[in-house]
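Data block below; observations after.
The values are calculated or read from the model by the stated rules, or taken from the named source; none is laboratory data. Owing to the predicted nature of the structure, the values given are computational and were not obtained by experimental measurement. Neighbour counts are summed over all protein chains in view; Cβ atoms, including those assigned to glycine, are modelled from backbone coordinates with ideal geometry. Heavy atoms of the whole protein, side chains included, go into the accessibility calculation; ligands, DNA and RNA do not. Shrake-Rupley method; radii C 1.70, N 1.55, O 1.52, S 1.80 Å.
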Amino acid sequence: MKFFMASLLALFFHSITFAATAGRSSSKDLVVASDGRVQAVVLVAPDASVNEALAAKDLVKYVGMMCGQAPTLIDTETEIKSAMAGKGPKLILGELALRSKPTLRVSLEGVLKKKPHLRTDGIVLLRDGDKVYIAGNNDLAHYFAVAELLRRWGCRWYIPTDFGECVPDERDLKIGDLDFAFSSPFEIRSYWISWVGDNSGRKEFQMRNMMSGRGDLPPTGHALGKYTKGLGKGTFNFPITDPKTAEYVAGKVESMYASSKSFSLGMEDGSYDSAYPGDQKLMKLQWDKYFLRWSVTDPMLELYNNVASVLQKKHPESKAKIGFLAYANMTIPPVRDMVAERSLFAELAPIDIDPIHGMDDHQSPPRQEYRDMMYKWAKVMQGRLCIYDYDQGMLVWRDIPNPSHQSFAQDVQHYRKAGILGVNTESRNAIATTFINLYLRSRLLWNPDEDVDVLLDDFYSKFFGPAEKPMRAYWSTIFKAWAETICTEHEYFVAPSIYTAKVLAVLKTNLLEAEQIINGLNIQGRVLTRNEKLYVERIRFMRYSYDVTAGYLSMVRAAATECDYAGAVAAGKKTLAVREKLTDMNGIFTTYRNYKVEHRGYAWWPGEVRQYEELLPFTNGEKGKLVAKLPLEWDFHRDADHKGIARGFASKPVDLTFWKANHTKLTPAERKDYPNEWERLRVDLYAQAQGILHPDYQSYVGDLWYRTDLDLKPEQTVGKVHLRFPGLFNECRLYLNGKEVAIRKQGKLWWLNDYRFEWDVDLTGKLKSGKNVLALVCKCEHHFGGMFRRPFLYRSVAK
């Protein structure tokens, strides 16, 4: 009864409509529609350009959706002349508005970006009596102006396709005092769908959210290899600053440059090296800690400058632009005081720098470092810098929510201050992951001063209707968990530290309440309205989203915490079936169907399930019998100076005095200041996520020592006993009873491994009855460190 009454009240309040007024309301409002009867006409020039004409059609369309009656579209000279002379409200679009009201151009000039490198987009909306002028400074901006008017009447486009479209039922539409002109500080406001993701609705979504695309920016993609082919040892190793290299590359691209055709010299997708003496000297100016090798920025930028200089001297009238990527081990800006040649444009692509936190977040030194890199690159490029951003759906993830607005709202302020061109985001749509990330980015790129909290308040009401309250609590819980995390890493290993049992419980409670409210709409004999049908679909999406999130975390807990691989496989397959339903709803919600990548390895969700299937036989008697699950919590010691062996970490008694006296008072964030003492650490979550950080919040690098005692019965030591680490980062050494028994090699960059992250150690004949001291030291050099799945002992059985 409680939920039923709440449903009725929510439905009642969301059914009440008031007159939507664009502009400041007064007693002299211009009535566009009254009680569903449209009184205005829409006027557009007969020779309207493509987007200008589309703007007129969409204005007619959405007024019709709001009121139930579409206004008349007038686009012939005779009819326009008659309408302009007649009485009644007139909505005048684009070039026709600019010609009819020349002062609009003055208003636009007052807000447009001065001396843009590529483009500038501005809009103007002005009411003058019964005439409303709606225009921009170019074809696309004409559409933006109409989108602004519709936005003021309450229309929103939160997600591509009709699923994300919010068009209110408004039988009364008005224009108040309206005199508005605005231009974005960013020339590039864009995203694109990679990995053969579903592009449905992308174009319309971008236009309705004032996104310009990146068409005016020269190509910057991976291209350099075809112009350096034949030089040096190969694609990633050639004499970069050798003058002959610049002449060689310039000769390859000269015809394009001479014809004013823009092109890319962007580095290929990998890290570069060179044995050329001049390159060696420049590379050793700085070490790239993100890619664990020498930076090639100084020599590579010198190459680009040399190529551009050769071409500019030969063809000084050319308007060609040359694009390149600041990427991989060219992400860090040059050490030397360098300025890029005038024809060069860059995209800065920070692919492995904390995507969770903003540039001003004290919990993320990597993001603060990126801020400094960005400012330096902006100075080098003299304003010809764009950010090549990575939407969270681009990461190896698991179709569970991963918001980005908490970081982007900070970053966009710095982008404006640095005078960059804008942001071009690589996305896969993957709405189950990104949800309204792209919408919030679009609003902040159009106007960096937008208040995200206000945008979210507006969103909950419009998108979820009567389920606004529980959905606000649901998403606020998710946003808070991400905003407060100490994790600066990315990919699916982070998920258990965000979606804790406590968080999932809150989500479940609020989802159930939302479902009860929305179920209340289905009153027998009553036909749902257009918006009510959307509310139903959106809560169905939320149900699948929650089930995918909770199901994935259930799978992880079964495997990582319980060593229950049968349970993990069952949970994984059950949840992947839910993901199929989510995809059936709309192809943009996930992306795995179009891009057949998930069969390629263990990095992807089905591969993770397959890994658990392959681990199961080592515990169920098929390939091995489970002897013992090792403890879930081990003694732990940090060893930044690599002196653990000398200090006896492998064998001497563990002193937990400080830990026992203080651990109940420590939060994960406070553990960064833990003294040089033994502590305790879980083995089902990587070390940094539990607070193993440097005092300045930097992700811990150094040796990680794990210790535990195993009390074994005589029968547990018999036979071919193996120790299996099912989830373990880093190069490692294993000690048993003070003696080194195994070494595990591993790539320094964690992602350059097989994504199984397993280690199997044969301990046959090495274990003894009674107490065994097991010590593991992990050499953590980059981001993730230590164990993240609970190890176990098993006895191998004959095939």
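Every residue, every condition in (1) acidic (D, E); (2) part of a strand (DSSP E or B); (3) surrounded by fewer than 22 Cβ atoms within 10 Å (Cβ to Cβ); (4) without any contact (Cβ under 8 Å) to a residue 12 or more places away in the chain, yes or no:
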| site | (1), (2), (3), (4) |
| --- | --- |
| Q363 | no, no, yes, no |
| R371 | no, no, yes, no |
| W377 | no, no, no, no |
| V380 | no, no, yes, no |
| G383 | no, no, yes, no |
| C386 | no, yes, no, no |
| D389 | yes, yes, no, no |
| V396 | no, no, yes, no |
| N402 | no, no, no, no |
Quiz item: For region 45-89, which residues satisfy the criterion of being in contact with a Lys or Arg (Cβ under 9 Å, 6 or more places away or on another chain) and either under 30 Å from R530 (Cα atoms) or open to solvent by 10 Å² or more (accessible area, probe 1.4 Å) (or both)?
Solution: D58, M65, M66, C67, G68, Q69, A70, L73, I74, A83, M84, P89
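Listed here are the residues, each with its yes/no results for (1) crowded, with 18+ Cβ neighbours inside 10 Å; (2) of a type in the set (D, E); (3) not in a helix (DSSP H, G or I).
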position: K174; (1), (2), (3): yes, no, yes
position: Y191; (1), (2), (3): yes, no, yes
position: D198; (1), (2), (3): yes, yes, yes
position: K203; (1), (2), (3): no, no, no
Self-check item: A628 without any contact (Cβ under 8 Å) to a residue 12 or more places away in the chain and hydrophobic (A, V, I, L, M, F, W, C)
Solution: no
Self-check item: Search result, residues across region 124-170 that are among the basic types (K, R) and closer than 25 Å to V454 by Cα
Solution: R151, R152, R156
Quiz prompt | So N306, is it in a helix (DSSP H, G or I), open to solvent by less than 10 Å² (accessible area, probe 1.4 Å) and under 22 Å from D242 (Cα atoms) | solution = no
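Yes/no per residue for (1) at pLDDT 95 or above; (2) aliphatic (A, V, I, L, M):
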{"site": "A320", "(1), (2)": "yes, yes"}
{"site": "Y327", "(1), (2)": "no, no"}
{"site": "P334", "(1), (2)": "yes, no"}
{"site": "R398", "(1), (2)": "no, no"}
{"site": "V412", "(1), (2)": "yes, yes"}
{"site": "K417", "(1), (2)": "yes, no"}
{"site": "L421", "(1), (2)": "yes, yes"}
{"site": "T434", "(1), (2)": "no, no"}
Quiz prompt | region 257-297, subset acidic (D, E) and under 29 Å from the mean Cα position of the chain (by Cα), residue most open to solvent (accessible area, probe 1.4 Å) | solution = D269
Self-check item: Contacts under 7 angstrom Cβ, first residue in region 430-450 being in contact (Cβ under 8 Å) with a residue 24 or more places away in the chain and under 22 Å from K417 (Cα atoms), partner polar (S, T, N, Q) and open to solvent by 10 Å² or more (accessible area, probe 1.4 Å), 6 or more apart
Solution: P448/Q413
Practice problem: Tell me which residues, restricted to region 451-465, are farther than 23 Å from R579 by Cα, open to solvent by less than 10 Å² (accessible area, probe 1.4 Å) and in contact (Cβ under 8 Å) with a residue 24 or more places away in the chain. | Solution: F459, G465
Exercise. Within region 240-255, identify whether any single residue is assigned to a helix (DSSP H, G or I), in contact with a strand residue (DSSP E or B) (Cβ under 8 Å, 6 or more places away or on another chain) and either among the charged types (D, E, K, R) or buried (at least 19 other Cβ atoms within 10 Å of the Cβ) (or both), and answer yes or no.
Key: yes
Quiz item: Within region 21-44, restricting attention to residues that are open to solvent by 10 Å² or more (accessible area, probe 1.4 Å) and assigned to a strand (DSSP E or B), which residue is nearest to G129 (Cα to Cα)?
Solution: L30
